[in-house]
1. Inspect all residues belonging to region 563-580 and state whether any of them is touching a helix residue (DSSP H, G or I) at 6+ places or on another chain (Cβ under 9 Å), at pLDDT below 85, open to solvent by less than 10 Å² (accessible area, probe 1.4 Å) and not basic (Lys, Arg).
2. Would region 351-360 turn up any residue that is more than 30 Å from THR52 (Cα to Cα), open to solvent by less than 30 Å² (accessible area, probe 1.4 Å) and modelled with pLDDT under 95?
3. From the list CYS107, CYS39, which residue is open to solvent by less than 30 Å² (accessible area, probe 1.4 Å) and in a helix (DSSP H, G or I)?
4. Looking only at residues that are among the basic types (Lys, Arg) and outside any strand (DSSP E or B) in region 297-329, which one is surrounded by the fewest Cβ atoms within 10 Å (Cβ to Cβ)?
5. All but one of (1) acidic (Asp, Glu); (2) modelled with pLDDT under 90; (3) more than 19 Å from ALA652 (Cβ to Cβ) hold for GLU608, so report the exception by its number.
6. Give all pairs with beta carbons closer than 6 Å in which a residue from region 44-67 that is without any contact (Cβ under 8 Å) to a residue 12 or more places away in the chain and under 14 Å from LEU235 (Cβ atoms) meets a residue that is outside any strand (DSSP E or B) and open to solvent by less than 70 Å² (accessible area, probe 1.4 Å); count only pairs at least 6 apart in sequence or on separate chains.
7. If ARG47 satisfies all but one of (1) among the basic types (Lys, Arg); (2) under 30 Å from VAL214 (Cβ atoms); (3) in contact with an Asp or Glu (Cβ under 8 Å, 6 or more places away or on another chain), what's the number of the condition it fails?
8. In this structure, is GLU627 out of contact with any Lys or Arg (no Cβ under 9 Å at 6 or more places or on another chain), at pLDDT 90 or above, farther than 19 Å from THR553 by Cβ and not basic (Lys, Arg)?
Amino acid sequence: MCLQWRFPDNGNGMEYGLETGDIDIFKKDPIGSLAREICQNSIDANRGIHPTRIEFSTFDVARNDIPGIDELSEQIEACYQYRKDDKKEGAAIQAIHSMINLPIIPCLRISDFNTTGLIGVSTFERGVPFYNLTKTSGTSFKGAGSGGSKGIGKAAAFVASGTRTVFYSTYTQREEKGYIGISKLRSVPIDADGYKMSVAEGYYGCKEDSFPCVDCELCLDPNFTRAYGDYGTDLYLIGFGHRVNWKSDLMFKLLDSFMVAFVKGLLEVTVDNITLSKDTIKKIIYDTTSFPGKDASSLKSIMAQYELLTSVDNVTHIEKIVKGYGPINVLVKSYSQGESHRATGTCDIIRYPYMKITSHGVGRLIPYSAMCIIENGDLNEALRRMENAEHTAWSWERLEGEEAQSNAKSTLSRLKNLISRAINEALKTEVGDKTDIAGAGAYLPSVEDSEPLDGEELGGDSKEFTHIGKIRQNQADHKRVELENDKDDKMDRSVTTPVSGDDSGNDAEVSNPEGDPGSTGVHVGGGTSVDAGHPTNTNNTGIDESSPKKGYTRKLLGGIRSRNMYDKSRKKFLLTFVSNCNEANCDIVIKEIGESSDTYEVDIISAEINGESCTIKDGVIKGISLETGKKYTVSYTVSKGRRFATGVEFYANR
């Protein structure tokens, strides 16, 4: 059997560089991309008997033990001589050239077990797993239950290889054995005149056909062999540079991406001498030394996922039906204010094969973490078709045809709304069980009003109202409020409190009218713009020219819970609140919140409170009488039609 590396000429076709599109996609996070691509492929190939088991193991190999090393080195040398001084490719080609010429080359072996192996290695027919993995790009033959969809995820292994060279060896459940080598380099001249160029991708295989070597496995790792009946696939990455913290980065990405698979006992991964499994991950997750370089914010995601799947306390399971597709399962865990630092305030969306794809931001008002699990089925397949190559986002624009795009857009909108609805239900239950504070139900993520859920119409006038302001308890900068108010200054001193400094921790983001996840509440209308005006000075004091009369003291009131809404049908804004005090003469000041939490005056031109007209002076609602426990609804209009985020301040004139 004649085995050789072959880089044939391209027939005067395209010259390809080193950084092709499929390679470039995964360069930002080579270790994380490798983890996700390997695991989803191995889970897809599970035999259905035991959990998928994967090993990532480093080893060293003598240069001369690499199959076809002389031919491979010759091709890399040609690449080096051709483009070593190129500003774009030069550094990468020099690194490959240096690695392949080391006497001892570091390598990484990735092996999976309890899988089918790469079926078709002995026949090399089109449309079967071995051919699809080694001979196709930009196409996929995977079925609806499979994780990948673009057919270019295989490039992740080449990005992680220091020589862009990978050997695939497999032992299948059909008792097939075989292997092939692939090197993704660049085109180089192959004749004296320089007209003929080689292809960028070369194969190590049988004769000129580059068929795989069959009836045997490749064993490059001296410490590894497969037993009889131990079916699976081995990848050998030639030239694996020992990046700083690569093991912990790999384990973090595995846990963040496949937590559901681990907890369900469907996946076990060993990274050198560390094993991640259903029984071991808890200790690893909560060991602060497991992930050097990761801050508390980064670790919050994997901790929240684990707690959602394993905790009994404060975790609510809700099933929602996506019309036309079937159920989704939403898990929501609420946290006390003392534990709010552990809450993510988002919902991680996981689809079969239990891989995290993205997160849906639905606000962070009551501290919570959430997870949506989509099982294998029609919805999983629909989302897979909309997925990017990195498996990190869905977009309806990826589909062809106006009808397909319209349906996909509706499906994504409906999915997000159902997730928001489930989180609302779970947190309302928690609010109902734990507190009877007036207005507590307002501290919940919003649902897009423009999209009916499951074909139902939102009842009553609810579609006409849009949340606009930060729902807040007016206890911002509470110590400062007390300090200023205790001075008992006369009316020549005013206190303005910044909206952003709420010690209660209850300020939160609310969806805007279009429902963009995680955005600050905004509405149509506005006061002085950030560009055109000047922020209110939150530290300076000055003369209050709007005082009813001299001798009065103006005090900032704290503890009043309020929320702002926009009434689309009446084209007015609504402020609702419940008073916590008795005051005979109060002012209500609406403030615009800038990008840096600066506040700006809003010019109110007319207002009614509980149906009665109010006095407006210099854009401020004046002369309001408040009673403890009474609910007030203020309807007001502003001078300019512009979108802005709002805060509210209440002052008593005594």
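1. yes
2. Scanning region 351-360, I find no residue that is more than 30 Å from THR52 (Cα to Cα), open to solvent by less than 30 Å² (accessible area, probe 1.4 Å) and modelled with pLDDT under 95, so the answer is no.
3. Numbers: CYS107 fails: in a helix (DSSP H, G or I).
Only one candidate qualifies: CYS39.
4. Here is the first cut: in region 297-329, the ones among the basic types (Lys, Arg) are 300, 320, 323.
Okay, now just the ones that are also outside any strand (DSSP E or B), so 300, 323.
Numbers: LYS300: 16, LYS323: 14.
So, considering only residues that are among the basic types (Lys, Arg) and outside any strand (DSSP E or B), the one surrounded by the fewest Cβ atoms within 10 Å (Cβ to Cβ) is LYS323.
5. Answer for GLU608: the failing condition is (2).
6. That search, which allows pairs on different chains as well, returns nothing.
7. All conditions pass for ARG47, except number (3).
8. Criteria met by GLU627.
The values are calculated or read from the model by the stated rules, or taken from the named source; none is laboratory data. Because the structure is a prediction, the values reported are computed rather than measured. All Cβ positions, even for glycine, are placed from backbone atoms using ideal geometry, and neighbour counts span all protein chains on display. Remember, those area values only see protein heavy atoms, side chains included, never the ligands or the DNA or RNA. Shrake-Rupley method; radii C 1.70, N 1.55, O 1.52, S 1.80 Å.
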